[in-house]
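Step one of this worksheet: look at the structure below.
The values are calculated or read from the model by the stated rules, or taken from the named source; none is laboratory data. As the structure is a computational prediction, the values presented were derived from the model and not from experiment. Methodologically, a virtual Cβ is constructed for each residue, glycine included, from the backbone with ideal geometry; neighbour enumeration extends over all protein chains shown. For accessibility, only protein heavy atoms count, side chains too; no ligands or nucleic acids. Shrake-Rupley method; radii C 1.70, N 1.55, O 1.52, S 1.80 Å.
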Amino acid sequence: MTFFSPTRLKFQRRQVKILIVSSLYHPNIVGGAEKVAQNLAEGLVARGHEAVVATTSPRRHSEVMSVDGVRVHYVPVRNLYFITQNNGRSDAVKALWHGLDTYNPFMASSLGRILDAERPDVVNTHNLVGFSVSAWSAIKSRRLPLVHTAHDHYLLCPRSTMHRNGKNCTEPCSDCAVYGGARRRFTKLVDIAMAPSRFMLNRHLSAGCFPTAERKAVYNCCELPSELKTAGEGADHPLRFGFLGALHSGKGIDLLVQAYLALPKGEAELVIAGRGTPDYERELREMTHDRPEIRWLGFVPHQTLLGQVDVLVVPSRWHDSAPVVVLEGMAYGIPLIGSRRGGIPELMGEGTGWIFDPDEPDSLIRVMKLAISSRSVLAGMSERAGERARRFSTEIMVSEYLGAFSRAIQHKN
């Protein structure tokens, strides 16, 4: 990384200058949305455009860095704590945090200074946690074109998941009505609204979001490796199931562990990559303390996990918009077992694996048993997964975004 003095940054304008606003960015990446924002920024620079990023920082002061050719403004979160530091906080403190994060004028001021210094042609907001929808006010008060990408349920739910007490919300709860209602009112400021799956876009539209915006589903991208893994290779070992992601009940990791423990011993192995809270990780490990064939890798690059497994399981309980792990698995030619939630079936398409219903008892167990007994079909699924992954290349995603930016700029003019 290269550090710059914010007062000395002078760059020649390229074809289009885009400011990307993302709650988190390298090196503070937690989930897929941050990966997408980084891939987009770097892809725009590779096309000859100028991409600048505004993101939050756990530090108490602002700083500007160059990250792989992208100028990144890191600003402190002017709230009670940093975005990822909510564990152990009382409900009252969390409520206050979410209240301020509904419309945070202090963060609007921070973003406004970046907008005035950079003077972009168009602004693309992604996850807004930490910034709040006040970012949109700062953008539109400067008459800048605004494109928003809805990666999750932030505009509808303070937890961004619409999942509470182990269940998906079918109607807004009291918290969603208060926080989400206020946020939705500001969606009228958005010129073009996008989401990484038709499911997530339609969910926002059904809730009354983006009443005047142009709308479009633009899928996330994934890294395409030079060589695909052929599923079924190494058939001398039991079938290896894998999990990659946050160790959280909403992601269904406990559902997967319980289903695996119900399988006959010796027929399969399980490899788990990801992190969770210490208490939850301890609970999961206690469930499997007498099963040495279950391996816990911790937080590792996705390539490390995907190189070790035959089938990737995405067992989400909540409605994941468009899990990047689905795309990563297909890109590596790994057949999938995905839950019938959110955009997961939409991303998988036909013939790349199996779908199960997490609300149906033993559904995952049955599908895992089917995978074990169907090793002969894995090679075909692997090939189809690799072919489908080509639809989610960085080049395609960047082209879709550039089209949206061009339309937003034309609308302004």
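Things to note:
- If you check 99, 112, 88, 48 for being out of contact with any His (no Cβ under 9 Å at 6 or more places or on another chain), in contact (Cβ under 8 Å) with a residue 12 or more places away in the chain and at positive phi, only one passes: 48.
- Residue in the range 114-132 that is assigned to a loop (DSSP other than H, G, I, E, B), basic (Lys, Arg) and out of contact with any Cys (no Cβ under 7 Å at 6 or more places or on another chain) present: yes
- Filter result for residue 338 (more than 13 Å from the chain's Cα centre (by Cα), of a type in the set (Gly, Ala, Ser) and either part of a loop (DSSP other than H, G, I, E, B) or surrounded by 24 or more Cβ atoms within 10 Å (Cβ to Cβ) (or both)): yes
- Candidates in the range 37-73 are the residues that are assigned to a strand (DSSP E or B) and open to solvent by 10 Å² or more (accessible area, probe 1.4 Å); of these, the one that is nearest to residue 23 (Cα to Cα) is 73.
- Taking the criterion of being buried (at least 23 other Cβ atoms within 10 Å of the Cβ) and not in a helix (DSSP H, G or I), the only residue of the range 248-262 that qualifies is 252.
- Note on the range 167-185: among residues that are of a type outside the set (Ser, Thr, Tyr) and over 17 Å from residue 129 (Cα atoms), the one that is surrounded by the most Cβ atoms within 10 Å (Cβ to Cβ) is 169.
- Residue check, residue 108 open to solvent by 10 Å² or more (accessible area, probe 1.4 Å), within 24 Å of the chain's Cα centre (by Cα), at pLDDT 95 or above and not hydroxyl-bearing (Ser, Thr, Tyr): yes
- Test: residue in the range 149-172 that is assigned to a strand (DSSP E or B) and either modelled with pLDDT of 95 or more or more than 21 Å from the chain's Cα centre (by Cα) (or both): yes
- Residue 215 free of Cβ contacts under 8 Å to residues at least 60 places away in the same chain, in a loop (DSSP other than H, G, I, E, B) and open to solvent by 10 Å² or more (accessible area, probe 1.4 Å): no
- Every listed requirement among (1) touching a helix residue (DSSP H, G or I) at 6+ places or on another chain (Cβ under 6 Å); (2) of a type in the set (A, V, I, L, M, F, W, C); (3) open to solvent by 20 Å² or more (accessible area, probe 1.4 Å) is met by residue 221 save one, (3).
- Boolean, residue 390 is open to solvent by 10 Å² or more (accessible area, probe 1.4 Å), of a type outside the set (Val, Ile, Thr), in a helix (DSSP H, G or I) and over 16 Å from residue 197 (Cα atoms): yes
- Scanning the range 87-105 for residues that are polar (S, T, N, Q) and under 28 Å from residue 141 (Cα atoms), we see that the one that is most open to solvent (accessible area, probe 1.4 Å) is 102.
- Conditions (1) in contact with a Pro (Cβ under 6 Å, 6 or more places away or on another chain); (2) crowded, with 24+ Cβ neighbours inside 10 Å: number failed by residue 318: (1)
- Considering 146, 189, 155, 201, the condition of being touching an Asp or Glu at 6+ places or on another chain (Cβ under 6 Å) and crowded, with 17+ Cβ neighbours inside 10 Å is satisfied by 146 alone.
- Residues in the range 263-296 that are open to solvent by less than 50 Å² (accessible area, probe 1.4 Å) and either outside any loop (DSSP other than H, G, I, E, B) or among the small types (Gly, Ala, Ser) (or both): 12 in all.
- The residue list 307, 351 contains one member that is farther than 27 Å from residue 275 by Cα and open to solvent by 20 Å² or more (accessible area, probe 1.4 Å), which is 351.
Per-residue answers, yes or no, for (1) in contact (Cβ under 8 Å) with a residue 40 or more places away in the chain; (2) more than 20 Å from residue 303 (Cβ to Cβ); (3) among the aliphatic types (A, V, I, L, M):
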| residue | (1), (2), (3) |
| --- | --- |
| 346 | yes, yes, no |
| 351 | no, yes, no |
| 358 | yes, yes, no |
| 367 | no, yes, yes |
| 374 | no, yes, no |
| 388 | yes, no, no |
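- Meets criteria (of a type outside the set (D, E, K, R), modelled with pLDDT of 90 or more and within 26 Å of residue 32 (Cα to Cα)) for residue 266: no
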